[in-house]
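What follows is a set of notes on a single structure, which appears directly below.
Throughout, read-outs are computed from the coordinates displayed, never taken from laboratory work. A quick note: this is a predicted structure, and the numbers were derived from the prediction, not measured. Positions of Cβ are backbone-derived with ideal geometry, glycine not excepted, and every protein chain shown enters the neighbour counts.
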């Protein structure tokens, strides 16, 4: 950290730091006021005080928008670390068992992950820390900036979906994919080759053809039906002669309840590394660290594939 920044932080009213951080991420006074449950005039007044104490404009007008100054941009990672440490101190003071009380964690992930770990997570929290709650949000409404801003605590998704070195990442497991069809399919039985799937209707997951969340299909794969979630796919396949490529653990799980058959595609292999992403502000958060380690166990492939 530069001497200018260090000097500014020492003389700064610490109550202004959360306001400053919101302003740097939203670049909008009104939106910051909403997120902080403050009035717009109060946030505007706080911005004036911040500018005076830092001797920098922090936010400047560019057309119809506000943009951060170069000095303000350098403050963002430092603020994340400082406020993260404050959060950690608050946890230590509030929790006798090492976990923060009355803490709500927001996790962005796909419906396939929710299905396979939801019950395990509920049981874990009820046994270990019933005051910690989790809210899942769908990846379609998620953007990496939500992690940086702390709006979302963590995201569980394939590693290649986020290409941002400023976001933390921890590998959880590797997922591979299989072909599924309804049981007693008129054409498919046991292992298959890509050629056998060529003329069969196909169902796939994907918001649109350009979405980073889309799951790749086989060579020359043409989606006859595209749906915005993985979970409906096995149910649709079970009621038709269509096929789909889905995560193995999802297929194994759903096959306990739905009449589908799993087929290895002998001349095709698809696998993704899946992990958890989070912003710097939660690096010192004990609740986060604890839950990230628990996710490793909950998403262990040997447990995902195990029959019940």
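For the peptides 62-71, 287-296, the ranking by packing is 287-296, 62-71, with the highest mean count of neighbouring Cβ atoms within 10 Å listed first. Annotation: the residues 225, 299, 17, sorted from fewest to most other C-beta atoms within 10 Å of their own C-beta, follow the order 225, 17, 299.
Per-residue Cβ neighbour counts within 10 Å put 257, 37 in the sequence 37, 257, beginning with the fewest. By the count of neighbouring beta-carbon atoms within 10 Å, fewest first, 57, 22 end up ordered 57, 22.
Packing around the peptides 154-165, 103-114, taken as the average count of other Cβ atoms within 10 Å per residue, puts them in this order, highest first: 103-114, 154-165.
What is segment 174-271 by shape, rounded, prolate or oblate, if you read a ≥ b ≥ c off the alpha carbon gyration tensor as root eigenvalues and call it rounded for a/c under 1.5, prolate for a/b larger than b/c, and oblate otherwise? The shape class here is rounded.
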